[in-house]
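J.: Before I ask anything, here is the structure I am working with.
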Amino acid sequence: MQLDSARDLKKLISDTILAPLTVGGETVVRSFALGATAIDQLPETHPSLALGIILKKKNQYHLAIRCQREELMGGKEIEQITKKAKNEVDVRFIGRLRKRAAGPWYQGRVRPLQIGISCGHYLITAGTLGCFVK
């Protein structure tokens, strides 16, 4: 399907199939999907299904469904989404998501070298690449 069609279908599915299952206000129907919100405002329950769009071939897109729980892979929601998308879906089990520590860009290996990155022998306290000289 074309990108615009995939976006429209994603919105339709979010509004019809996933909307009754999302966390809304004070009442939780079922923790199934969450809208974007600040981390400190997230409820105790975590999302277990994500809906997106992926590029399959040149100018051909599919809906991407990512499940965090295996029991959802054969669920009625996935079945409904697959039917609405006319089997143009990519369903994958991704498991539980964990936050990984990531430092600023200047603390990891940087290739090609950039002015301002940290450099130096591991036994010294600090060093910064200040310029390139020919």
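The values are calculated or read from the model by the stated rules, or taken from the named source; none is laboratory data. Predicted, not measured: the structure shown is a model, and the values here were computed from it. Calculation scope for accessible area: heavy atoms of the full protein, side chains included, ligands and nucleic acids excluded. Shrake-Rupley method; radii C 1.70, N 1.55, O 1.52, S 1.80 Å.
J.: Considering (1) open to solvent by 100 Å² or more (accessible area, probe 1.4 Å); (2) modelled with pLDDT under 85, say which one LYS83 fails and leave the rest.
T.: (2)
J.: Can you report the number of residues in region 47-80 which are on the phi < 0 side of the Ramachandran plot, open to solvent by 30 Å² or more (accessible area, probe 1.4 Å) and among the polar types (S, T, N, Q)? Even if it seems obvious, please write down each step before you answer.
T.: We begin by selecting, within region 47-80, every residue on the phi < 0 side of the Ramachandran plot; these are 47-58, 60-80.
Those still in the list that are open to solvent by 30 Å² or more (accessible area, probe 1.4 Å) too: 47, 50-51, 53-58, 60-62, 66, 68-71, 73-74, 76, 79-80.
Then drop every residue that is not among the polar types (S, T, N, Q), which leaves 60, 68, 80.
Qualifying residue count, region 47-80: 3.
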